[in-house]
C-alpha cells in the first residue's frame with residue numbers, strides 16, 4: 001500500500017513538473033496585450049429598433065422642441081491593465097485569465113448592448129506602453145462603430161485617479177477622468193496617477209524571488225499566468241516618476257505623472273487643456289475610506305473644479321453612495337479623544353461589536369474584569385484605524401454581525417461612510433475663511449450609475465446571474481490557498497490585541513480589507529443614462545456636461561424629470577434656475593424590459609460561440625416586449641447649508657414626497673410642487689427616484705442577517721467570494737431596482753447676493 005501511494009505521488013509530481021516546464025521556459029512572463037476586437041458593427045436595424053422602443057414611451061414634444069433620446073452607458077470600466085483586475089484574474093483567486101480592452105469593446109457591443117462606455121484603468125498601474133495600447137484599442141473600438149455621427153457604440157478614453165489617505169484628513173478618494181476626444185491633440189501623453197505605492201504594494205506577491213516562485217510551483221497548471229503577473233509588476237516598477245516643477249508637455253514620454261491631491265489633478269488637467277470630466281466614486285466605501293472622511297474638505301478652493309467635476313457616481317457594483325445617515329463609527333471629544341458610540345436603531349459600530357465579541361469570551365471571570373476587557377477591546381479597535389477588526393484574534397465574519405453597515409439604505413456600500421454620500425455632498429457648503437463669503441461654494445453634481453467592473457465587462461447589470469463573473473466577488477479557491485496568500489488566521493484570544501499602523505502595513509490585503517465580509521456587498525452594477533440629441537460622441541458629451549443624465553441600479557428604467565413653466569420654459573434634470581415663485585415639477589418613468597434567456601440572433605451572429613460563452617457567459621441583453629412596473633416616485637429635497645455649522649441631518653428630507661403610480665400604467669406620470677419654497681427664502685435641491693417592482697438580484701440582501709424584534713442582527717450568513725459559497729450560488733434576494741434623476745437646483749431670486 002505504501003509503495004502504491006509513493007508511486008502515485010511520484011506520478012503526480014511528474015505531471016506537475018511537466019505542466020510547469022513550459023511556463024518555466026517563459027518565466028519572464030508575457031506582456032499583457034490589449035487583445036483583438038472580434039465583433040463588427042451591429043446591424044443598423046438592431047440599433048434603430050432599440051432606439052424606437054425607447055421613443056415609444058417618450059413624452060410628446062412641442063414643435064419648437066428638439067427631440068432627445070435616452071442612451072445607456074457605463075463610465076467606469078477596468079480591464080486587466082489595472083493591477084487589481086490582473087490579480088483577480090489569477091487562477092488562485094478563481095480568475096478567468098486575461099480580460100484586456102478588446103474584451104470590453106466586444107462585451108459592450110454584443111453582451112450588454114450599451115450605447116456608450118469608457119475605459120478607466122488605474123493610472124497608477126498604467127505603464128507608458130499600456131497607455132499607448134489603451135488609446136489605440138479605444139480608437140479601434142470606435143472605428144468599428146461606423147459613422148461617427150450615428151455609431152452603434154461610442155467608446156470614451158479615460159483613467160482612474162486612485163488616491164487613498166491613511167487618515168480622514170489625508171483622504172480624497174478615487175475619481176474617474178473621462179476625455180472627450182481621441183485625436184492626438186485631445187489625449188494627454190500619459191494618464192495622471194495618485195501617489196502609486198499603496199496600490200502597487202497591495203498586490204505584491206513576490207517580495208522575494210522565492211516568494212514569487214512559490215505560487216506557480218504550487219499551481220503548475222496556472223503557472224504561466226503568475227509569471228505574466230510578475231512581468232506586469234516588473235514593467236510597472238521600471239517606470240520612473242516624472243520630475244516635479246516641470247510643465248506637463250515638457251516631461252519625457254516614459255515617466256509616470258503623479259498628482260497627490262485633487263487640486264494638483266485639476267491643475268494638470270488644465271495645463272493639458274483637453275476637454276475632460278472628473279467623476280468622484282467610491283466616496284462612501286468603507287473598505288479603503290477612513291472613518292469620518294468627509295467630502296466637505298474638497299469644497300476648499302482648488303480641491304474642486306466646477307467646470308470638470310460635474311457628475312457623481314451614486315451607485316455601482318460596490319453598492320450605493322446616495323443616502324446620508326446621522327451616525328458615526330466613533331465620536332471625538334473637544335480634546336481629540338475618540339470614544340466608541342453605543343448602537344442605534346439602524347447602526348452597530350464595529351468598535352462596539354469588538355467589545356461584545358470579547359465579552360462572549362469572558363467565561364467565568366468576574367464582571368468587572370470582563371467589562372475592562374470589553375472597554376479595552378473598543379479602545380484597541382479605534383486605535384487601529386482601518387484594521388480594527390484585526391485586534392480581536394480569531395473573530396470570524398459572522399462574529400462581526402452587520403457592524404459598520406447601513407441597515408436601512410438601498411444596497412449600501414460596505415462599511416458605509418455617510419460623510420461621502422451624495423446627499424451629504426448636496427447639503428454641505430463652504431463659506432470661505434471665517435464663514436464670511438458672500439456666495440458659498442457648493443457641489444452641483446449630476447447623478448450616474450456605473451459598474452466599476454474589473455473584468456472588462458461594461459454594463460454587467462443587464463441580467464442577475466453569474467455572481468463571480470459579473471461582480472467583483474471572488475477569492476481563494478480553497479482554505480489552503482487562503483492561508484498561503486493571507487496567512488493562517490490568528491488563534492482565538494479572550495482579550496484584544498493592540499495593533500499600531502506600522503504593524504498593520506504588513507498585514508496581507510485580504511485580511512486588511514475584510515474581504516470575507518466585503519464579498520457580500522458586490523452587485524452587478526449600475527448604468528449612466530443620458531438625454532442626448534443624437535447617438536454621436538459630441539451629443540453624448542453635451543448631455544454629460546449639462547447634467548442631462550441619470551443613474552440606474554442596472555435596469556434600463558426610462559426617466560424624465562422636469563421643472564415646469566419657468567421663464568426659460570420647461571427645464572430638464574441637471575438644470576440650475578433662479579425663481580420668484582414656488583416651483584412645480586413633472587416626473588415620467590417607465591420600467592425596464594423583462595429579459596428573455598440567452599442571446600439575440602445578432603449577437604450569436606456577431607461573435608463566435610466560444611467568445612459569447614467566455615465574455616457573456618452565454619447570456620446577453622435580450623429584452624422581451626414586457627416592461628416591469630414602476631410602483632412609486634420618491635422625491636428628495638435637500639436644502640444646502642445657509643450658514644456654517646448648520647446640521648446636515650436637518651437639511652436632507654428623504655423622502656420628502658412619495659407619489660404612487662397606477663398599477664396598470666406602462667408609464668407613470670406624476671406632478672408635484674413645493675409650496676414652501678418662496679417663504680423659506682433659501683436654495684433647494686430636488687431629485688427623484690423611480691422605484692420599480694421587486695425582482696431578484698445578486699447579493700441584494702448583503703450579509704443576509706436575521707433580525708430580532710428590535711431590528712438588531714442576531715446572525716449573519718455572508719455570501720463569500722471564496723470556496724465557502726458555491727460558484728453557482730448567486731445569493732439572490734428581492735430588491736427594488738431604481739433610477740435616480742440628476743438634481744434640479746432652484747434658488748429664490750431675493751436670496752442672490754452676487755453672481
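The values are calculated or read from the model by the stated rules, or taken from the named source; none is laboratory data. The model shown is predicted, which means the values in this text are computed figures rather than measured ones. Quick reminder, even Gly has a Cβ in these numbers, built from the backbone with ideal geometry, and neighbours come from all protein chains shown.
Search region 714-733 for residues being in contact with a strand residue (DSSP E or B) (Cβ under 6 Å, 6 or more places away or on another chain) and not in a loop (DSSP other than H, G, I, E, B), and hand back the single one that is farthest from residue 617 (Cα to Cα). Out of the qualifying residues, it is 714. Residues of region 224-269 that are in a helix (DSSP H, G or I) and under 22 Å from residue 305 (Cβ atoms): 248, 249, 262, 263, 264, 265, 266, 267, 268, 269.
Kindly provide the set of residues from region 74-94 that are within 20 Å of the chain's Cα centre (by Cα) and assigned to a loop (DSSP other than H, G, I, E, B), ordered by number. Before the answer, list the steps.
Taking region 74-94 as the starting set, the residues that turn out to be within 20 Å of the chain's Cα centre (by Cα) are 74-89.
75, 76, 78, 79, 80, 81, 82, 89, listed by residue number.
Restricting the first member to region 172-187 and to residues that are assigned to a helix (DSSP H, G or I), and the second to residues that are buried (at least 23 other Cβ atoms within 10 Å of the Cβ) and at pLDDT 95 or above, the beta-carbon pairs closer than 9 Å and six or more apart or on different chains are 186/157; 186/179. Consider region 730-754 and keep the residues that are more than 30 Å from residue 587 (Cα to Cα) and surrounded by fewer than 12 Cβ atoms within 10 Å (Cβ to Cβ). The one that is modelled with the highest pLDDT is 753.
The set of residues in region 539-554 being surrounded by 24 or more Cβ atoms within 10 Å (Cβ to Cβ) and in a loop (DSSP other than H, G, I, E, B) consists of 547, 553, 554.
When region 332-357 is filtered for residues that are part of a strand (DSSP E or B) and either under 22 Å from residue 168 (Cα atoms) or touching a strand residue (DSSP E or B) at 6+ places or on another chain (Cβ under 9 Å) (or both), the ones remaining, listed by number, are 332, 338, 339, 347. Scanning region 579-603 for residues that are in a strand (DSSP E or B) and either modelled with pLDDT under 95 or touching a strand residue (DSSP E or B) at 6+ places or on another chain (Cβ under 6 Å) (or both) turns up 579, 584, 585, 586, 587, 588, 589, 590, 593, 594. Among the residues making up region 358-374, those that are free of Cβ contacts under 8 Å to residues at least 24 places away in the same chain and part of a helix (DSSP H, G or I) are 359, 367, 368, 369, 370, 371, 372, 374.
Is it the case that residue 155 is farther than 28 Å from residue 551 by Cα and either part of a strand (DSSP E or B) or modelled with pLDDT under 95 (or both)? So residue 155 does not fit the description; no. Just one of the numbered conditions (1) surrounded by fewer than 23 Cβ atoms within 10 Å (Cβ to Cβ); (2) on the phi < 0 side of the Ramachandran plot; (3) out of contact with any helix residue (DSSP H, G or I) (no Cβ under 8 Å at 6 or more places or on another chain) is not true of residue 279: (1).
Of the residues 64, 150, 136, which single one is modelled with pLDDT of 95 or more, surrounded by fewer than 17 Cβ atoms within 10 Å (Cβ to Cβ), out of contact with any strand residue (DSSP E or B) (no Cβ under 7 Å at 6 or more places or on another chain) and not in a helix (DSSP H, G or I)? Give the derivation first.
Numbers: 64 fails: modelled with pLDDT of 95 or more; 136 fails: not in a helix (DSSP H, G or I).
One residue alone meets the criteria, 150.
Give the residues of region 345-374 that are within 26 Å of residue 289 (Cβ to Cβ) and loosely packed, with under 14 Cβ neighbours inside 10 Å, sorted by residue number. Residue satisfying the conditions is 345 alone.
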